[in-house]
1. If I model a spin label at residue 155 and residue 34 as a point 7 Å from the Cα along the Cα→Cβ vector, what separation in nanometres do I get?
2. Per residue, how big is the convex hull around the C-alpha atoms of the chain? Give it to me in cubic angstrom, could you?
3. Grab the DSSP H runs of the chain that are 4 residues or longer, score each as -39,500 (n - 2.57), total them, divide by all residues and round the 222 nm result to the nearest 500 deg cm²/dmol.
4. How would you order 141-151, 47-57, 158-168 from highest to lowest mean count of nearby Cβ atoms within 10 Å?
5. Where nothing but the Cβ of Lys and Arg (+1) and of Asp and Glu (-1) is charged, how large is the charge dipole of the stretch 4-178 around its Cα centre, in debye to the nearest 20?
Amino acid sequence: MDIKLVDVKEHDLELIRNWRNSEEVSRYMYTSNQITSEQQLAWFSKIQNDPTQKYWLIEYDNIKLGLVSIYNIKQDFKHCSWAFYLGNTEVRGAGIGSKVEYTILNYVFETMKFNKLMCEVFSFNEKVIQMHKKFGFQQEGFFREHILKDGKYFDVVALAILKSQWDLSKGKIKESIYNRVI
């Protein structure tokens, strides 16, 4: 079964807000402040007509599991960044993250016809950094004490993959995902 990316609708906002406010998700985000219903609605209004970002719910087996986005979309330069989280923590470790990553890489390089996809990850999130590297992402930067969160500075790893790298490895990666190797 494949991952489905479903457009975010207003009726999804409370689910997304609950995920985002949970400790299991917010610990990996750049901010940990509790988001109010009003702030969530303002965020939704902002993203509706912003061509530089796109958000989807992650759905698998008809169950909503998390949120994925592409942002800093630069049509002229053919690159963007991406991020995701699984709000449903019961599925972590089940290969869903790999399927989401494959789906986004395919979307960015095959549908959008972009050349580069980037992401940033807290340096302490080694599991996600390693997952990105298995897909062909390479570290392009290390930002020391880059994010001030809860009174403490955190380092951030910048990673990116090029379309040419994706073209070389996508078949092998797809096979390994569906055979649960990654």
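1. It works out to 3.3 nm between the two label points.
2. Details: hull volume 21.7 nm³, N = 182.
Residue-normalised Cα hull volume stands at 119 Å³.
3. Values: 6 runs with 61 residues, N = 182.
Taken over the chain, the calculation gives -10000 deg cm²/dmol.
4. On the way: 141-151: 11.6, 47-57: 14.3, 158-168: 17.4.
Ranked from most to least packed, the peptides come out as 158-168, 47-57, 141-151.
5. Numbers: 24 positive and 22 negative charges, 104 e Å.
Roughly 500 debye, rounded to the nearest 20.
Bear in mind that the values in this text are calculations on the coordinates, not laboratory data. Since we're looking at a predicted model, the values are computed, not measured. Counting neighbours? That spans all protein chains shown, and the Cβs are built from the backbone with ideal geometry, glycine included.
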